[in-house]
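Have a look at the structure below before the remarks.
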């Protein structure tokens, strides 16, 4: 009985271990899924927020190109300064809006004293080479989006650069997703596979051990035929001898009782 109790405790401990492993795997998978979902939400939110600035840039560029189509030069555009000032006032995170010519000289800007300054070459080249597309980049203060301005002769007359400060709200979850999401998924997968494999492996072993324990302990005579192995015959013979000795002892006790009478 003690052997069966110990075996049952061992099996229960192993079962608890694999249940715990499966639970950990599910928790890891859930955590990885939540992190991935939050990162996706933040990335989509950041894309929507950045889309507002591209819309503002396209609005300014359309207004500038409308003046160029009628033959005006870039520095002579009426209302250009008011247009960029109005666009900046609508978004507090906009750092500056600059309109510059093909040589990179700023002709209109929301920064006081910035007229005549030169746009960095790292911005100017990609902005002016994309005739109808926008280019985005980063600087030490924030991000920027810029695009080329086309005149009435289908030539690049300059460009518009919009700089803004936008906190990388997706950075926290993006970093967690980038550095922890894949390891979490791997750990969850390994724990799940290991737990299932261990549980499937344990079930037949558990039944086998319980059957052997029952047969060895003699708890159920009807299950003695389940005992297998090289010592099965010896154990069965020992059980038969034990029964014979018990019968002889009982007969001896009966004879002693008769003599005492």
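General observations
- Hey, residue 52 assigned to a helix (DSSP H, G or I) and touching a residue at least 40 places away in the same chain (Cβ under 8 Å) or not: no
- Residue check, residue 87 touching a strand residue (DSSP E or B) at 6+ places or on another chain (Cβ under 8 Å), in a helix (DSSP H, G or I) and either closer than 21 Å to residue 49 by Cβ or touching a residue at least 60 places away in the same chain (Cβ under 8 Å) (or both): yes
- Scanning the stretch 135-146 for residues that are surrounded by 14 or more Cβ atoms within 10 Å (Cβ to Cβ) and assigned to a strand (DSSP E or B) turns up 135, 136, 137, 143, 144, 145, 146.
- Among the conditions (1) out of contact with any helix residue (DSSP H, G or I) (no Cβ under 9 Å at 6 or more places or on another chain); (2) at pLDDT 90 or above; (3) surrounded by 13 or more Cβ atoms within 10 Å (Cβ to Cβ), residue 50 misses just one, which is (2).
- Assessment of the stretch 119-134 against the conditions (surrounded by 11 or more Cβ atoms within 10 Å (Cβ to Cβ), in a loop (DSSP other than H, G, I, E, B) and modelled with pLDDT of 85 or more) yields at least one matching residue.
- Taken over the stretch 147-166, the criterion of being surrounded by fewer than 19 Cβ atoms within 10 Å (Cβ to Cβ), outside any strand (DSSP E or B) and in contact (Cβ under 8 Å) with a residue 40 or more places away in the chain is satisfied by 152, 165, 166.
The values are calculated or read from the model by the stated rules, or taken from the named source; none is laboratory data. A quick note: this is a predicted structure, and the numbers were derived from the prediction, not measured. Note: ideal-geometry Cβ built from the backbone for every residue, glycine included; neighbour counts use all protein chains shown.
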